Amino acid sequence: MTTDTSEKGLRTLIVRSLTGAAADPAPSPDGALPAGESPPGNFQALERFAANVFSVTRQLRYSKDETKLALDLCLFINGLPVATFELKNRLTKQTVDDAVRQYKRNRDPKEPLFQFGRCMVHFAVDDQETRMCTHLKGNASWFLPFNKGWNDGAGNPPNKKGLKTAYLWEEILTKTGLTDIIENYAQIVETRDDKGRKKHVQIFPRYHQLDVVRRLLDQTKTDGVGKRYLIQHSAGSGKSNSIAWLAHQLVGLERDGTRLFDSIIVVTDRNVLDKQIKNTIKQFAQVSATVGHSDHSDDLRRFIKDGKKIIITTIQKFPHILKQIGNDHRSRKFAILIDEAHSSQGGRTSAKVNIALAQDGGEEPEESYEDQINRIMESRQMLANASYFAFTAAPKNKTLEIFGEPVPGGDHVRHKPFHTYTMKQAIQEGFILDVLAHYTPVYSYYRLMKTVEDDPEFDTKKARRKLRRYVESHERAIRNKAEIMVDHFHEQVIARRKIGGKARSMVVCNGVAMAIQYFHSISAYLKERKSPYRAIVAFSGEHEDGGRKVTEATLNEFPSAQIEKKFQQDPYRFLVVADQAYQNAIKNSDKAAARLEHDRALKDVVVGMLTDHTDLFKLFFDDPVFKKWLGDMTFSATYEEAG
């Protein structure tokens, strides 16, 4: 059977989907409906849902003044416009880009149909790609990709049964699928700037957001309580919205007529993320009393005791009250959503969660508390009354082992995420910049002299590591590199008005101690240059600096919770942070574990540095001999000499 890829054919497929010709998921025998609909037994809701009138108008003449202007399709529910469509096909040499241009140039946002809030979404579609926009602003309209992704990148996979974009009408534009989005995802939220001015933003889920939440809900309903799920979503994926949508729908998730969870606990890694998650979830809450934000440990304890449905806290606050949770809470069921999960959270902190929430309580062995935590995580004991949903951009191997799905194969059991939205896809879809596309390496030169050739106690590898650590952390080396980075930013970025003159710089360091050193050097050189810009440093906890204990707040001279907003404002243009994934593996794991972490990091670097049309990129992913050679070479250079 051939598929009609013309614009008329696309219109026909979409119309059939919404007028009943396309098969919609039927209610199950017990009356259960797909996600977003009424619970079993609510026959009044079933009758009301069946009474809704879904309709599609082709070639809709939408303007009173320009009466000849027509829109390809407009979708209505009970006579109210919900979505518009401009359809193209590549056989006539028109693509989704032409549909986007048509919206920007020919669809006047002053027309009632195109005004903010009148329609839920505007789709530009061809036979290979889909894009969407929630707020038409002429040439300033922002159309986001609404694609499934392919080969860890942008686009859509081949479809043996039809068009690549068939998922739009087969999955999204069914009656149940569309009403699910209206009820649980699409919304107009209110934000405020630093001056208190209100701004309204219309939200519609991107494909991967909708897909991950629906899959998690379905799988949790099948698995019940007590499982773990790892969601690997890159920066630019909109994790805050995904977490908020998941949290709200987990509240009402039922199995056999009984709610699965008593409380949903959202755990964030930093105060900045804590505030971001809190604001996002509260915006989506239809009943404000549903959400509780714990500023203190007593709040968290009280919320759990009172059965608050959604509780938001940080990983720093959460462990302090775990010992105080009584036995009565162990009979309750929890869903724990962890934002930016790392092995520290997934291991020791999650083990504390296990001890506090376990139905049978925790025994008090003679071993130390840390030994007890390690023993629990090594045994991978699963709680019967808690499910974990861990969101992270780049999981470490330890995180994969703890939260991921095992993939048996050979002598080594690999683990994979439940759902992925890769950095490669985020870069190709334009949500994050490829920071490694143009880079300048700065080499360090030093030589180690062995004065006694036959010294049996002389360990060359160990000495080389210590020397490298000394050189890289030396004040002079850091100062020189700081000057290079600051000069480059001023002369090659700011002077050339890149990113409209609003560019920022991130300096990623090997450890907190080095991040603090770079912060001081960059700040000092900015003053010497009489630069109008300043730097911010970001790290967790207290650390030594010149014989005193410091935090990011004391160094930045403003509270940690303000880092996100401050970095968006002048004079702050430099953000200094620490990243230790591969370095931690070198220091704390054996060589095999370090190699696994190295290979993951190497893949990220290749994806970041090269685009998929280059020969080297294809060689890396298609030729295992070349991939092994490159991996062996870089691992040897970094592992043997790293500190």
Looking at segment 171-181, can you tell me whether even one residue there is closer than 27 Å to V56 by Cβ, touching a His at 6+ places or on another chain (Cβ under 8 Å) and in a helix (DSSP H, G or I)?
no
Show the residue pairs meeting these rules: Cβ distance below 9 Å; 6+ apart or different chains; first residue within segment 394-407 and under 19 Å from A335 (Cβ atoms) and open to solvent by 30 Å² or more (accessible area, probe 1.4 Å); second residue part of a loop (DSSP other than H, G, I, E, B) and modelled with pLDDT of 85 or more.
E405/P417; E405/F418
Are any of the residues in segment 529-548 open to solvent by less than 20 Å² (accessible area, probe 1.4 Å) and modelled with pLDDT under 85?
yes
Restricting to segment 194-213, name every residue that is without any contact (Cβ under 8 Å) to a residue 60 or more places away in the chain and open to solvent by 70 Å² or more (accessible area, probe 1.4 Å).
K195, R197, K198, K199
Assuming E129 fulfils every condition listed in (1) at pLDDT below 95; (2) crowded, with 19+ Cβ neighbours inside 10 Å apart from one, which condition is it?
(1)
Within segment 142-171, work out how many residues are out of contact with any strand residue (DSSP E or B) (no Cβ under 9 Å at 6 or more places or on another chain), closer than 25 Å to I243 by Cβ and open to solvent by less than 60 Å² (accessible area, probe 1.4 Å).
1
Residue ID - modelled with the highest pLDDT, chosen from residues in segment 36-58 that are in a loop (DSSP other than H, G, I, E, B), farther than 27 Å from C74 by Cβ and not small (G, A, S)
N42
Just the residues that are out of contact with any Leu (no Cβ under 6 Å at 6 or more places or on another chain) and in a helix (DSSP H, G or I), please, taken from segment 106-132.
N106, P112, L113
Does any residue of segment 145-161 turn out to be under 20 Å from R90 (Cβ atoms), of a type in the set (A, V, I, L, M) and either part of a loop (DSSP other than H, G, I, E, B) or over 19 Å from the mean Cα position of the chain (by Cα) (or both)?
yes
Residues being touching a Ser or Thr at 6+ places or on another chain (Cβ under 8 Å), open to solvent by 30 Å² or more (accessible area, probe 1.4 Å) and within 24 Å of P145 (Cα to Cα) - total across segment 57-108:
6
Just the residues that are within 20 Å of the chain's Cα centre (by Cα) and either exposed (fewer than 15 other Cβ atoms within 10 Å of the Cβ) or among the aromatic types (F, W, Y) (or both), please, taken from segment 242-265.
W245
Looking only at residues in segment 245-264 that are of a type in the set (G, A, S) and at pLDDT below 90, which one is nearest to S331 (Cα to Cα)?
S263
Here the residues within segment 214-241 that are crowded, with 17+ Cβ neighbours inside 10 Å and within 18 Å of G404 (Cβ to Cβ) are L216, T220, K227, R228, Y229, L230, I231, Q232, H233, S234, S237, K239
Filter segment 478-502 down to residues that are at pLDDT below 85 and open to solvent by less than 40 Å² (accessible area, probe 1.4 Å), then give me how many there are.
1
Considering only residues that are charged (D, E, K, R), open to solvent by 40 Å² or more (accessible area, probe 1.4 Å) and farther than 28 Å from G224 by Cβ, which ones fall in segment 408-429?
D411
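The values are calculated or read from the model by the stated rules, or taken from the named source; none is laboratory data. Worth saying up front: this structure is predicted, and the values here are computed from it rather than measured. Every residue, glycine among them, receives a Cβ derived from its backbone with ideal geometry; neighbour counts consider all protein chains shown. For the accessible areas, the whole protein counts, side chains as well, though only heavy atoms, and no ligand, DNA or RNA atoms are used. Shrake-Rupley method; radii C 1.70, N 1.55, O 1.52, S 1.80 Å.
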